[in-house]
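Trainee: This is the structure I want to talk about, given as structure tokens.
The values are calculated or read from the model by the stated rules, or taken from the named source; none is laboratory data. This one's a predicted model, so the numbers in the text were calculated from it and none came from an experiment. Here Cβ is always computed from backbone atoms with ideal geometry, including for glycine, and neighbour counts include all displayed protein chains. Just so you know, the surface numbers come from the protein's heavy atoms only, side chains and all, with ligands and any DNA or RNA stripped out. Shrake-Rupley method; radii C 1.70, N 1.55, O 1.52, S 1.80 Å.
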Amino acid sequence: MTLRLAPGRRWGTAGAAGAAALLLAGLTAPASAHAASGPARDWAAPTIALSATHLSGAVGAFGDPAVTVDVEQQGMPAGFLRLRVVSSSNPAVARVGDVQQVRTRDGDRRLTVTARAQGYTDLTLEVTGRGGKTATATLSYAASARTENAAGTRYLTGSSDASAAVDVGGGHVLVADDESNVIRLYDRSRSGGPVKTWDLGPALGWKKEADIEGAARVGDTVYWTGSLGNNKDGKYKAERNTVFTTRITGSGAATDITFRAAYKGLREDLVAWDAANGNRYGFAAGTAAGEVPKQIDGFNVEGLEFAPGSKTTAYLGFRAPLAPAVPGGKALVVPVTNIDEVVAAGAKAVFGRPIEMDLGGLAVRDIRKNAANQYLILAGSWAADDNSDPYALYQWDGVPGHAPKKRADLPTGDPGGWEAVVNVPDLRARGARVQLITDSGSADLYGDGTEAKDLEHPEWKKARSAWFTLR
């Protein structure tokens, strides 16, 4: 087919559209239409490749993750290939018509799924190219149940056991996982996988997870702490008895982190300090062989933040024990007054006067402050299986002896337990909103009895983030 223009004539808008129509007609015409110009071409089969073969969504969710489908056929522009969903193994979860596709500039397709119900389905995708040749691929999709505050919810995929978070600006956050030694960088505004990941295990010589539970930033340095307690079977694991630092460079999506230093004796320092002060908190008993950490008289650190105006005094917030270790006891915070020397130089920890505060019988699950030294304490149960137990947010000024004030009760019953505060807004502002993240590792996300941490595919593992307005 030859297209000719009169001398000096240019294509206008209509002309360009006509040329495209003629080109399309030539590409889609039957082989008989080309008989005069030679034998019909033996077209190779198209190919189809998915950026991920597994995808997670949620019923009623906004901005669920997407998968990109790369379609190709030799000699054909990708934009002329036809992609469609031909079947769903479980239409109750998602039907063929529940899959939406948007073409990218290079002709690939970006697919999202609108879930109808909790569960799993396999979606069969088919691409049709020139010569009627086809290729297929399967997208395995999993949908979690509808949650409260669905409009304000996003899902951080690739990991289910989020345990600590540090805002790095530019709408991004570093998130630790208490089931691995990987730090992940996420876009706070969208659902999906991490932008970057860093596995710190090799730098620290870890063979097991450090059970990272708390984090605090001062300047370009982030302090991270393990739980310092025994594992769930009551066994001592050295990796958990670690406080370490990383250095941040850049911000937002360009954030990078590097390992700096570590201290592996803070648990022993705490036990010795408590023993020297009459064993008020039972640290020696709580760390004894066979003692599990998540009991009212156990030993388990989950919060870390700096004292008001200080770069050297850090507050350790305890999930257990309560103080004293009886029902209705108070939450415990212990100041470490030389945390900089402890981690950088291996100095023995020096402790300040312990802080006991009334959080309505709850313990510290996270503690975070802003530049104005306004603190939010995420309070929750000391128990191990606590998804149905209450959670609350308390405001505090960071001053020992000053009582915290409850600012919000948090929803319970949704998959996962509230575990991390991303950052603290101006708590004096009306309608101040805060973003929290769950540890969903023990949650049955898809209704089949499998805990999220045990799911085979990382794309199906996810933690939930949600925004809450403080009263």
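Trainee: For labels at ASN277 and THR258 in the simple 7 Å Cα→Cβ model, what's the distance in nm?
Mentor: Label-label distance for ASN277 and THR258, simple model: 3.8 nm.
Trainee: Let me ask something else. Filter the cross-link list LYS330/LYS406; LYS311/LYS369; LYS311/LYS405; LYS232/LYS453; LYS264/LYS453; LYS294/LYS369 down to pairs whose alpha-carbon distance in this structure exceeds 20 Å.
Mentor: Pairs exceeding 20 Å: LYS311/LYS405; LYS264/LYS453; LYS294/LYS369.
Trainee: From the C-alpha gyration tensor of segment 245-297, pull out the three semi-axes of the equivalent ellipsoid (sqrt of 5λ each), sorted largest to smallest, in whole Å.
Mentor: Rounded to whole Å, the semi-axes are 35, 14, 10.
Trainee: Next up: Just to confirm, what accessible area per residue do you get for the chain at 1.4 Å probe, in whole Å²?
Mentor: 43 Å²
Trainee: Just to check, using Stokes-Einstein with a Kirkwood Rh over alpha carbon pairs, what's the diffusion coefficient of segment 66-119 at 25 °C and 0.890 mPa s in µm²/s?
Mentor: In µm²/s, the coefficient is 200.
Trainee: Specify the longest stretch of the chain that does not include any exposed loop site, a site being one of the GluC sites (Glu not before Pro) with a non-H, G, I, E, B DSSP assignment and at most 12 other Cβ atoms within 10 Å.
Mentor: 149-455
Trainee: Please state, as a whole number in µm²/s, the translational diffusion coefficient that the Stokes-Einstein equation yields for segment 310-463 at 4 °C and 1.567 mPa s, with Rh defined as the Kirkwood radius across alpha carbon pairs.
Mentor: Using the Kirkwood radius from Cα pairs, D works out to 76 µm²/s.
Trainee: Here's another thing I want to ask about it. Please report Rg over Rh for segment 265-386, where both radii come from the alpha carbon positions and Rh follows the Kirkwood definition.
Mentor: Using only Cα positions, Rg/Rh for segment 265-386 is 0.96.
Trainee: Calculate the FRET efficiency for TRP467 and GLN100 from the Cβ-Cβ distance with a Förster distance of 30 Å, rounded to the nearest 0.05.
Mentor: Here the calculated transfer efficiency is 0.75.
Trainee: Explain nothing, just the number: dipole magnitude of the chain about its Cα centre with +1 on each Lys and Arg Cβ and -1 on each Asp and Glu Cβ, in debye rounded to the nearest 20.
Mentor: 1880 debye
Trainee: Ignoring solvent entirely, what values of log10 I(q)/I(0) come out of the Debye formula for segment 116-261 at 0.09, 0.19 Å⁻¹ when each Cα is a single scatterer?
Mentor: Relative scattering, expressed as log10 I(q)/I(0), comes to -0.40, -1.11.
Trainee: Could you work out the equivalent-ellipsoid semi-axes for the chain, taking the square root of 5 times each eigenvalue of the Cα gyration tensor, largest first, in whole Å?
Mentor: Output for the chain: semi-axes of 54, 22, 20 Å.
Trainee: Separate question: TRP198: accessible area at probe 1.4 Å, nearest 10 Å²?
Mentor: Only protein atoms counted, so the area is about 40 Å².
Trainee: Could you work out the local net charge near LEU436, counting Lys and Arg as +1, Asp and Glu as -1, over the other residues with Cβ closer than 13 Å to its Cβ?
Mentor: Taking every Cβ under 13 Å from that of LEU436, the sum is 0.
Trainee: Now for a different question. Once you have the Cα-Cα distance between ASP448 and GLU148, take 0.36 nm times their residue separation minus that, and quote the gain in nm to one decimal.
Mentor: 105.9 nm
Trainee: On to the next question. In the chain, carbon and sulfur make up what percent of the accessible area (probe 1.4 Å)?
Mentor: In the chain, the share of accessible area belonging to carbon and sulfur is 50 percent.
Trainee: Give the separation of the Cα centroids, segment 149-166 to segment 45-59, in Å.
Mentor: Cα centroid to Cα centroid, the span is 22 Å.
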